[in-house]
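K.L.:
After the structure tokens below, expect a handful of questions from me.
The values are calculated or read from the model by the stated rules, or taken from the named source; none is laboratory data. Keep in mind it's a predicted model, so treat the numbers as computed, not measured. Cβ: placed from backbone, ideal geometry, glycine included. Neighbour counts: every protein chain shown. For the accessible areas, the whole protein counts, side chains as well, though only heavy atoms, and no ligand, DNA or RNA atoms are used. Shrake-Rupley method; radii C 1.70, N 1.55, O 1.52, S 1.80 Å.
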Amino acid sequence: MTSEHTKEKTRDYFRKHDYFGLNEKDVQFFEQSTLPCFDFKGNIILAAPDKIARAPDGNGGLYNALSKCGILRDMQNRGIAHIHVYCVDNILIKMADPVFIGYCASKNADCGAKVVKKVDASEPVGVVCLCDGLYQVTEYSEYSKETAEKRNQRGELMFNAANICNHYFNIDFLTKVVSPRENELPHHVAKKKIPYTDESGQQIRPENPNGIKMEKFVFDVFLFSKDFAVMEVKREDEFSPLKNKCGSGRDCPETAKTALSKLHGRYILEAGGKFTTQDGKEICDTSSLNDLADVDCEVSPHLSFAGENLEDLVKGK
């Protein structure tokens, strides 16, 4: 799913790279809807004297777009039974993870989520929790510091299942439950810096949030689930988000690259391979994994999905 601003660029990128070895007919591009932007007084913002400022309707716009663009119908025609949905900003994503999909299917789940343990109580992430008998994601802005710091009898954070926007749905859940009830999903307020045209016709790019974008969240459908599954995974294996600019030190391009290099380096070490650093130090096992911080390492997905089938290529080398 793309926005109107990224659809053609995304399509061109896939064409340029020959769809990364996939059949072109198996790659579908579809566009999410947009909603008007408002200022803090409730007035519609103008992008130009004759044009309303609009913004994508959030990752929860997925469900409307799936129906409107015929993607659900296409899935049904192809006999697809299980769907994996994730957000694009996680470099360690395991696409169509057979373990996750198999786990959810084995539980007869209609909906599922991968989670990781929070780094600490103050980490700004939503958490998967049970509220009045229904599973939902509570955003970090929606619970207090005291709630975030609560601990159980084992001394662990009580609300510790960080949502990483990595979800499973079966086709019946999307077609028979979500589509008919999509209009029940709430809109969330996001305060943003929204370019606008002032009364003199000048284009203004504000330095501070000046308006509101309305968004739906992809995980709000958890409330509709009758058989929900949660699978906890290791952060170092499956979650390194890209949210900040270069040099930020956290959740930025440098940390994403390091996380991928470490994971793939571990795959190679566990398959019997080794590394030699620039100063001649030999790294042969995962106990020295931190020494790979300055090593660029990437395993092509054409070779291995999650570290399997590497032994013949790297063992003893």
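Residue-wise test of (1) of a type in the set (Phe, Trp, Tyr); (2) under 26 Å from GLU182 (Cα atoms); (3) surrounded by fewer than 11 Cβ atoms within 10 Å (Cβ to Cβ).
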position	(1), (2), (3)
SER3	no, yes, no
PHE14	yes, no, no
PRO36	no, yes, no
LYS41	no, no, yes
ALA48	no, no, no
GLY58	no, yes, no
ALA65	no, yes, no
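K.L.:
Related question: State the number of residues belonging to the range 9-45 that are assigned to a strand (DSSP E or B) and in contact with an Asp or Glu (Cβ under 9 Å, 6 or more places away or on another chain). Walk me through how you get there before you give the answer.
P.N.:
Step one: of the range 9-45, the residues assigned to a strand (DSSP E or B) are 31, 34-36, 38-39, 44.
Narrowing further to those that are in contact with an Asp or Glu (Cβ under 9 Å, 6 or more places away or on another chain): 31, 34-35.
The total comes to 3.
K.L.:
A further question on this structure: What pairs can you find where one residue is in the range 106-122 and without any contact (Cβ under 8 Å) to a residue 24 or more places away in the chain, the other is open to solvent by 80 Å² or more (accessible area, probe 1.4 Å) and not basic (Lys, Arg), and their Cβ atoms are less than 7 Å apart, with a gap of 6+ or different chains?
P.N.:
Taking only residues 6 or more apart or on different chains, not a single pair turns up.
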